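Remarks on the structure that follows.
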Amino acid sequence: MNVRLTLLFIIITLPICAHAQDASDTITTQTIGEVVVKGERPQVKSENGAMIVDLPSIVKDKPVTNILEALAYLPGAISQNGVISIAGTGQTAIVINGEASQMSLQQMYQLLYSMPVSRLKQVEVMYSAPAKYHVNGAVINVILKAPTALDGLQGQARAGYDQGHYASFDGGLALLYATKRWTFETNYSLAKNKTWHSEDMTSWHTLSNGLHVIEEQDRQTASNLSNTTYGAIGYKINENSSIRATYNGQYIGHISADTRSCGSLGTFSNSSAFGKPKMLHNVNINYKSDFGLTLSADYLSYDENREQTLRVTNGKWKMENGECASDFSIFNFQFSIRNSTLVNSINKQRINRYRFTADMQHNVKGWGIDYGIDYKLTDDHSSMEYLMPDYPGLDNFGCTRHSSSELGSPSFARTFSNTLNEHTLKAYVGLAHKFSWGLSFQASLAEELYRTQGNSNWTFLPQFAMTYYKTPTHILQASFNANRTFPSYWTLHGGVGYLNPYIEVWGNPDLKPSTEYSAQVSYIFNRKYVATLFYKNVADCAAQLPYQSPSELKLIFQEQNFDYDRKTGISLVAPFTVCNWLDTRLTAQGYYQAVRASHFHDIGFTRGKLCFYGSVQNTFKIARRLALTFDASGLSGALQGIADLSGIWRIDAGAKWSLGKDNCMELNIKADDIFNRWSPVMRINHETQDYRMAVGDMTRHVKLSFVYRFNGFKPKNTSVDTSRLGTK
């Protein structure tokens, strides 16, 4: 604006100056077009090893209404099966305003889905998060706008419709209000969800008596009514100190899930019912002092009570339109009882988790020194109980086998009812500095103690990140990080779940935490083009994969540790703007994956594969208030332990129409995975293991949403005009 005014002043005064020099000269006039000085806002900056992304400007014309949807447009982001990760990393943690939360990743996703994108200020992407963030590995730090008293009451109301295989509905309300010292924020969302899932399986199972071919088709429908509540109250003590309390609550009721299986061994239904809603409560109190001390206390409570019932149904084979059709028998195997309960299990989990962190920061002659502790205590009260009817002449599954060698002896149900106590203590010290010649860095050393069931182990976790930033045109960034990932609480109890007489899901009390070492080097050109070399090695990585038992006709799904899973590759991100009406972002990633397991049940393997990922995101600015999007992405085949995953691809399209004064209303329509191709096929063919599973989820979705933003009232001005008073 200042440049425009200066140029306008020069243009206006030039004729006056010319006339003053010689009044007798004839003055000629000429119309000069408007002078516009245009600058492009940088999308990516770098500081202390973090990429700072101006995400609001990237998604302003995209059909997104909440922060979760916006994160999919981060440079280098990969969104697969609802999980967002940064190229070159594994699972990426998400924090809000740099404050760690005890919520799981999926619970964080639900919270971000309830937050309007208008609350977003910027996003920090860190391949190597400093220890003070109290998260592991790569992290996305979502920074929200800080409200002021002048903003008044801000709010957004949203209503949405999602048509997949079934229709789902959601709506939400977000309110934000601030005074000089107080800040109040609340979000509430309600969603009625209904989903559909399919799996087609063929298992070529070899036993001592020969090869058995087991075929099965599964169709699952699930529904729930989900309530998400978020509330925060903040008080500003002075300019540099504050206290803030937040509450996250998730209440999921009316839950039902029903799976119908048709196959070589008959037909079954496997249904889940919840005696009461799943509930999560998370309370956090955070205090920041003006002398560098930050204290945080966090409490999380989770309660789930699920009853599973496995039944024999009508004894038919082929799945057509969600129903079984035409009789089928194999192995001279028949069920003597129809529509009878085979297994009834009651699974309960109640978790109380407590966390306390203390961090201290000093600035000594330009050097930042920080240190702190992070202590977490978890009480996991879980139980699994089986009720198996005892029919005469039938085994535990209620079926008659004419040849016992075909299916082997029935598995013995493993029940449990116990409490797992888990203690995690981490202490760290860090150092940061910025040199005048353009280099800035931050590093930390942490020691972590993990103790459960009387077993303790210590792990050394170093972290380093640096940025060389001499000019905005060329930025070099490098990082190294070590972190640990812990198995789920339920897995550590070691129970067994039954999907049908052939497929079982086992826990693993011997599962070890995995340790990840990762390194990245990024070059950022012109603050928008990003090239990243990355290396990641996960020791004791874990995956849940199928295994065909050599002694009986059982397919076992169990999470087990591998020796390592390594990835080495390069990622490229390049945004382009064409004639002010087209914004395009290209992302390409290539990497070599190597995985090894010395003992996967009773076999071992060492495998490698070259993999590729690519995406193109286009935004067409049709009119001032109308924008269209067209995106395409694809992922080549990949490895998951002993399994090969097929390539997948997708095409997405959308439109955003802004309405009303100051664009206070939005109408968005988005079609995800138009051709329904974002589901892989799993294939295992190694030694005695021969298995194929095709996942046919309905990933095609048409989403329609309407958003209304308001700024209803301003706080009253209670000040008194004293400008004319006083004796001075």
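Within 10 Å of each candidate Cβ there may be at most 11 other Cβ atoms; applying that plus a DSSP loop requirement, which chymotrypsin sites (Phe, Trp or Tyr not before Pro) in the range 189-277 survive?
none
Assuming a ≥ b ≥ c are the square roots of the Cα gyration tensor eigenvalues, decide whether the range 44-710 counts as rounded (a/c under 1.5), prolate (otherwise, with a/b larger than b/c) or oblate. It would help to have the intermediate numbers written out before the result.
Numbers: a/c = 1.65, a/b = 1.51, b/c = 1.09.
Prolate is the answer for the range 44-710, as a/c is 1.5 or above and a/b outweighs b/c.
Using +1 at the C-beta of Lys and Arg and -1 at the C-beta of Asp and Glu, which of 161, 203, 187 has the Cα lying farthest in the positive direction of the dipole of the range 160-214?
So the residue we want is 187.
Which whole-number percentage describes the relative contact order of the range 44-710, with Cα contacts under 8 Å and a sequence gap of 6 or more?
11
Roughly how big is the range 531-642's charge dipole about its Cα centre, with Cβ charges of +1 (Lys, Arg) and -1 (Asp, Glu), in debye to the nearest 20? Can you show the working numbers first?
Values: 11 positive and 8 negative charges, 121 e Å.
For the range 531-642, the charge dipole is close to 580 debye.
Under the rule of at least 5 residues apart or a separate chain, name every residue whose amide H is placed under 5 Å from the amide H of residue 153.
Here the answer is 712, 713, since their amide H atoms fall under 5 Å of that of residue 153.
Amide H to amide H under 5 Å from residue 98: which residues, 5+ apart in sequence or cross-chain, H placed 1.01 Å off N in plane?
142
Which trypsin sites (Lys or Arg not before Pro) in the range 611-686 pass both tests, a DSSP loop state and at most 12 other beta-carbon atoms within 10 Å?
Working: sites: 621, 624, 625, 650, 656, 661, 670, 677, 683; in loops: 624, 625, 677.
Hits after loop and neighbour filter: 624.
Which is farthest toward the positive dipole end of the range 44-710 among 102, 604, 140, measuring Cα position about the Cα centre, with Cβ charges +1 (Lys, Arg) and -1 (Asp, Glu)?
My answer, from the dipole projection, is 140.
Most exposed first by the Cβ proxy, i.e. fewest other Cβ within 10 Å, how do 382, 189 rank?
In order of increasing Cβ crowding within 10 Å: 382, 189.
If you place +1 on the Cβ of every Lys and Arg and -1 on the Cβ of every Asp and Glu, how big does the dipole about the Cα centre of the range 44-710 come out, in debye to the nearest 20?
Details: 61 positive and 57 negative charges, 463 e Å.
Charge dipole of the range 44-710: 2220 debye, to the nearest 20.
If amide hydrogens are placed 1.01 Å from N in the peptide plane, which non-local residues have theirs closer than 5 Å to the one on residue 313?
So residue 313 has HN proximity to 267, 268, 269, 339.
Report the chymotrypsin sites (Phe, Trp or Tyr not before Pro) located in the range 630-703 that are in a DSSP loop and have at most 15 other Cβ atoms inside 10 Å of their Cβ, or state none.
Working: sites: 630, 649, 657, 675, 678, 691; in loops: 675, 678.
Here the chymotrypsin sites (Phe, Trp or Tyr not before Pro) that fit, given the DSSP loop and packing criteria, are 675.
Could you go through the range 579-584 in sequence order and give the Karplus-derived ³J(HN,Hα) for each residue, using 6.51 cos²θ - 1.76 cosθ + 1.60 with θ = phi - 60°, rounded to whole Hz, and x for Gly and Pro?
6, 6, 10, 9, 10, 10
Coordinate-derived values only; no laboratory data. In this text the structure is predicted, and so the values were computed from the model without any measurement. Please note: Cβ atoms are built from the backbone with ideal geometry, for glycine as well, and neighbour counts cover all protein chains shown.
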